[in-house]
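I have placed the structure first, in the form of structure tokens, so that the comments after it can refer back to it.
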Amino acid sequence: MNRSDVLALTPPASAHPAVAIAACRAGACGVLDLEYLNDPVQARDALDRLTRFTTTSYGIKVGPESGALVTALLANLPTRLEVVLLAGGNHPALTEWIHAFRAQGKRVLLEAINLQEAALGASLAVDGLVLKGQEAGGRVGSETTFVLLQRWQDHRAGKTDATLPIWVQGGVGLHTLAACEVANIRGIVLDAQLLLARESPLPESARQRLASSDGSETILLGESLGEVFRVYARPGWPAAEEAEKEENRLAASPLDASSKRLAWREVIAGLVRRPGSQGLWLLGQDAAFAPTLAERFGTVGGIIQGLLNEAERHLELARRLEPLAEGSLLATRHRTRYPIVQGPMTRVSDTAPFAEAVATAGGLPFLALALLRQAECETLLKETSVLLKDRSWGVGLLGFVPPEIRKEQIAAILTHRPPFALIAGGRPDQARELEKEGIATYLHAPSPGLLRMFLRDGARRFVFEGRECGGHVGPRTSFVLWESMIEVLLEHLGPSGRGEDLHIIFAGGIHDALSSAMVAALAAPLAERGVALGVLMGTAYLFTQEAVASGAIVPRFQQEALSCEHTVLLQTAPGHAIRCLETPYYEHFEAEKHRLQSEGRTHEEIVKALEWMNIGRLRIASKGVDRAREGGARLVALPEAEQYDRGMYMIGQVATMHRQVLTMSALHQSVSQGATDLLRQRIPAVPAAVEYPEKPCDIAIIGMACFYPGATSVGAYWRNILNKVNAVTEIPADHWDWRLYYDADPRARDRIISR
């Protein structure tokens, strides 16, 4: 990727062009974000400053609320304005603006938060698309950068717009940039990542808030109105609470859906324009990357170059080390053909024939014990151990189950001793209990803070599962989670430490060669340190022949999965969400939630009622059975129509990219060897190092200092250059008396002609 393909956005609603100026001077494209700046005079002043302090081309970003500003700009466009980024989706003036800017020779990019907007941009013949994932700040869609990028690649395969240049925004960091490059992007958009750079205009109070950011400081607003914004939400920043109240008010109003969205946009725009901490801060989860980037690289230019350098290194390592190939380090330690793990899926991966199918195809299967009592566990584990014999398999546990159930499950596990275990929502002490019995145990680690704690407690096997997965989801998207976790692991290893005792599995949005190759690229530095790497999948198995043949799911489940266009979240409470298909049960669930809220029920009453409502719904969808109406433990088969109406179909976002059934062998081959082959195709081999006859000198520049007129430090000297300060003055008397040496005659001997 060229530096010129990096777009660096200034903070929203800020007329300060410092970040854009710094980016342009570093060879990138600085973009002045004018989307929420409704003052044409202020915008023109910012553009004039950007023009005055740069010598290269730059860009602007505008949105549906920028009508008056766009009109003023089109009447007198700056010559060096090259890129116009159109945000906000489809609106009445969009086509007109595209034609008008292109008629004046400007390059027009359309910001797309979903596949529909991306396809719209392609149909309007824009010059490129910015695919903006859900982890980014501001207006976002339901899909993350990782999934949205894959969906567009899948959509445009073989189409006439296959060569349309793509930029990505959201979750781009030192490690994830390499993953994006594997997917053939043209460039990236940086915003929150640059907020702590030296040139950032962010006030000190906001800098201090971001200094300890870990990606959990933002929330999504507007989901009930169909227009979602990611914003900063923490005590002392009341605008988010005000926006939430306005959302609830609009949701309950009699306005039609279109009018509600329009009013909601006006609310957001008004709050964003407020000054300082009184305003709504459009901030992405990737603000968590800002402290590390600023500490390591300092300036906007340093961060941009650092990202590009690291991406190049990641790609070379991934191609050379092939961390996810057949027979890799993790596969060897798992005693499987591939470094692939089948994630425990409640009410799906609870049959021995399904586990055998996964193992036969070269993966490591995990039975989901969920809330099974001891007798059921005994039966399932015994059947699996007999069927799989000496092949590897494992059990999936929930770390938060009631103590009596956990005790029963542990007793069954110690009787049949599966080689592996995986604990979701677990603790290192729970893992140690099984490790002492010779059962290698993985822990889900959902945040960088918990990972640091788990590492200190001695845990060394982890699963990092992003928000794209099916079932219960965490707050962080895969890119944000994986980026943060890799940084924690590298910090744990130190500058030159080795990680042979670490076993790391990535999950969430992985299902084919491309997604797996992207993981290999972003995780390559861990492989370089000796860390054993693998991937975990759940949703992808729902599209295999063996899923139905083994009795893991009924045919209707697979049929609904194949027709999936998008997924939804069932939210019983803030932070407790289940990803599933949008079926009649989703509508039943939402209607019941609204009824309970309208009746003024307490938060605890609503949560309890919704969780009780969910019980048994997954079994109806996956197995097509439910408890008999008259009560008791007897299960009865349900007609397909009733399965569909009452069932909850847990599934991940990648379901939207599957339209046909495949075998597990084909799935595993694609995810492992297919990914390795893809890396070989897209990443050129690095030529052998040139041998020099003499060793270069062992010299490193470790610091810089200067003392010039008007500048006693490097920083002051650089500021004088940027501000065009004329520091040429008459030699001061406290230096020396110039009159003793001066002569106006340039031919005078032993004299100077400058004072």
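The values are calculated or read from the model by the stated rules, or taken from the named source; none is laboratory data. This structure is a prediction, so every number in the text was calculated from the model and none was measured. Every residue, glycine among them, receives a Cβ derived from its backbone with ideal geometry; neighbour counts consider all protein chains shown. To get the accessible areas, we keep the full protein, side chains included, count just its heavy atoms, and leave off ligands, DNA and RNA. Shrake-Rupley method; radii C 1.70, N 1.55, O 1.52, S 1.80 Å.
Is it true that some residue in the stretch 315-332 is closer than 21 Å to Gln193 by Cβ, assigned to a helix (DSSP H, G or I) and modelled with pLDDT of 95 or more?
Yes, the conditions are met somewhere in the stretch 315-332.
Output the number of the condition that Ile753 fails; it satisfies all remaining conditions of (1) aliphatic (A, V, I, L, M); (2) more than 30 Å from Glu322 (Cα to Cα); (3) open to solvent by less than 90 Å² (accessible area, probe 1.4 Å).
(3)
Looking only at residues in the stretch 317-356 that are open to solvent by less than 20 Å² (accessible area, probe 1.4 Å) and of a type in the set (Gly, Ala, Ser), which one is farthest from Glu404 (Cα to Cα)?
Applying the filter and picking the extreme gives Ala318.
Inspect all residues belonging to the stretch 144-159 and state whether any of them is within 27 Å of Gln42 (Cβ to Cβ) and either of a type in the set (A, V, I, L, M) or within 27 Å of the chain's Cα centre (by Cα) (or both).
For the stretch 144-159, residues within 27 Å of Gln42 (Cβ to Cβ) and either of a type in the set (A, V, I, L, M) or within 27 Å of the chain's Cα centre (by Cα) (or both): absent.
Can you find a residue that is of a type outside the set (Lys, Arg), assigned to a helix (DSSP H, G or I), open to solvent by 20 Å² or more (accessible area, probe 1.4 Å) and within 17 Å of Met345 (Cβ to Cβ) anywhere in the stretch 373-381?
yes
Looking at the stretch 550-566, can you tell me whether even one residue there is closer than 30 Å to Ala325 by Cα, outside any loop (DSSP other than H, G, I, E, B), open to solvent by less than 10 Å² (accessible area, probe 1.4 Å) and of a type outside the set (Asp, Glu)?
yes
Please list, ordered by residue number, the helices (runs of 4 or more DSSP H) wholly in the stretch 631-686 having 2 or more residues that are touching a Lys or Arg at 6+ places or on another chain (Cβ under 8 Å).
Result: 640-646, 675-682.
Name the residue that is least open to solvent (accessible area, probe 1.4 Å), counting only residues in the stretch 714-750 that are of a type in the set (Gly, Ala, Ser) and outside any loop (DSSP other than H, G, I, E, B).
Checking each candidate, the answer is Ala716.
Check Ala22, Ala13, Ala8 and return the single one that is in contact (Cβ under 8 Å) with a residue 60 or more places away in the chain and farther than 23 Å from Gly187 by Cβ.
Being in contact (Cβ under 8 Å) with a residue 60 or more places away in the chain and farther than 23 Å from Gly187 by Cβ holds for just one of Ala22, Ala13, Ala8, which is Ala13.
Select from the stretch 76-95 the residues that are surrounded by fewer than 14 Cβ atoms within 10 Å (Cβ to Cβ) and closer than 15 Å to Ala20 by Cα and list them in ascending order.
Scanning the stretch 76-95 gives no hits.
I'm trying to understand the selection: among the residues of the stretch 59-76, which are under 19 Å from Ala103 (Cβ atoms) and either in contact with a Phe, Trp or Tyr (Cβ under 7 Å, 6 or more places away or on another chain) or outside any strand (DSSP E or B) (or both)?
Correct list: Ser66, Gly67, Leu69, Val70, Thr71, Ala72, Leu73, Leu74, Ala75, Asn76.
When you look at Leu369, is it more than 27 Å from the chain's Cα centre (by Cα), touching a residue at least 24 places away in the same chain (Cβ under 8 Å) and within 21 Å of Leu542 (Cβ to Cβ), yes or no?
For Leu369, the condition - more than 27 Å from the chain's Cα centre (by Cα), touching a residue at least 24 places away in the same chain (Cβ under 8 Å) and within 21 Å of Leu542 (Cβ to Cβ) - is met.
Among the residues of the stretch 640-651, is there at least one that is farther than 30 Å from His511 by Cβ and free of Cβ contacts under 8 Å to residues at least 24 places away in the same chain?
no
Considering Leu570, Leu493, Leu502, which residue is open to solvent by less than 10 Å² (accessible area, probe 1.4 Å), hydrophobic (A, V, I, L, M, F, W, C) and either more than 26 Å from the chain's Cα centre (by Cα) or under 27 Å from Ala440 (Cβ atoms) (or both)?
Just a single option satisfies the conditions, and that option is Leu502.
Pairs needed: first member in the stretch 152-165, at negative phi and among the charged types (D, E, K, R); second member anywhere, part of a helix (DSSP H, G or I) and at pLDDT 90 or above; C-beta distance under 7 Å; at least 6 residues apart or different chains.
Here the result reads Asp154/Met657; Asp161/Ala122, each pair linking the stretch 152-165 to a residue that is part of a helix (DSSP H, G or I) and at pLDDT 90 or above.
Report, ordered by the first and then the second residue, all pairs with beta carbons closer than 7 Å, sequence separation of six or more or different chains, a first member in the stretch 578-589 that is part of a strand (DSSP E or B), and a second member that is surrounded by 15 or more Cβ atoms within 10 Å (Cβ to Cβ) and among the acidic types (Asp, Glu).
As it stands, the answer is Leu581/Glu560, since those pairs meet every condition given.
Give the residues of the stretch 271-290 that are more than 21 Å from Leu526 (Cβ to Cβ) and assigned to a helix (DSSP H, G or I), sorted by residue number.
Leu271, Val272, Gly276, Ser277, Gln278, Gln285, Ala287, Ala290 - these are the residues of the stretch 271-290 that are more than 21 Å from Leu526 (Cβ to Cβ) and assigned to a helix (DSSP H, G or I).
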